[in-house]
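Notes follow the structure.
What follows is calculated from the coordinates using simple rules that are stated; it is not laboratory data. Since we're looking at a predicted model, the values are computed, not measured. FYI the Cβ positions are ideal-geometry reconstructions off the backbone, even for glycines, and counts take in every protein chain you see.
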């Protein structure tokens, strides 16, 4: 199953990094967050990626063009230019990099990849959110209901500590717990090809008219993911994910 990765936005809320690289290329544990997301799909056998590029597209293209060399040991014979690899990264992904326009919205980027997807069910997610999602269960759920779109619903961590009370007495104090209410769009969509017809063009946001149309038509279902999920919107998010990586990265287990 092909995987569309939305990796073209400006990332203005994390401009400390995105002045130099697009947000999906900000590193966690020495690898771009985009790589971590792709690795999650690859663990479930989904290794055919369509990366929708825009802002600083060349940075992403250079990463994948140079990937084999930068992740291998090799000898260069400067007299002949021959390169002899000694250790090669075993990744066997197929990565299609498509410039979908610097100013295109999320729906427009998806629409531009329609011909690459063909008449097949596909997966879509954002280039800034990691999760320990069971993709086999997600896809099985999608196939069970027969609708056009499944969105993964997640409950993010609270930005601040959560208190519970009995009168004025504090009965629970949890520092930035996972919320118990307030499900949000966590990405990790499963989409049937007919859904592309709901997207008008470059100025269309995936999260507005197309998904609202799907709701109105009764074609949008939610898969509830109770496990780990976190997106990287701010410098603080990046620092948290970097710390989690050092502790054992729940999305990489």
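Here each label is just a point 7 Å from Cα along the line to Cβ, and for residue 70 and residue 194 those points are 4.3 nm apart. For residue 59 and residue 134, a Förster radius of 41 Å and the Cβ-Cβ distance give a FRET efficiency of 0.85, rounded to the nearest 0.05. Each of the peptides 186-192, 54-60, 114-120, 42-48 was scored by the mean count of other Cβ atoms within 10 Å over its residues; in descending order, highest first, they stand as 186-192, 54-60, 42-48, 114-120. For the range 1-140, DSSP calls about 25 percent of its internal beta bridges antiparallel. For a quick check, take a GNM of the chain with Cα springs below 10 Å and name the residue from 220, 240, 78 with the largest mean-square fluctuation. Top of the fluctuation ranking is 78. Compared with the direct C-alpha span, the chain from residue 1 to residue 90 gains 30.0 nm at full extension, assuming 0.36 nm per residue. Bridge orientation summary for the range 2-252: considering DSSP beta bridges with both residues in this region, about 50 percent are antiparallel.
To the nearest 0.05, what FRET efficiency results for residue 15 and residue 43 with a Förster distance of 30 Å applied to their C-beta separation? After rounding, the FRET efficiency stands at 0.40.
Compute the separation of the alpha-carbon centres of the range 74-98 and the range 191-253 and state it in Å as a whole number. The range 74-98 and the range 191-253 have Cα centres separated by 33 Å.
Cβ-Cβ distance of residue 203 and residue 79, R₀ of 45 Å, FRET efficiency by 1/(1 + (r/R0)^6): the value works out to about 0.25. Calculated on C-alpha atoms, the gyration radius of the chain divided by its Kirkwood radius gives an Rg/Rh of 1.01. From largest to smallest, the equivalent ellipsoid semi-axes obtained for the range 1-44 from the alpha-carbon gyration tensor read 22, 13, 6 Å.
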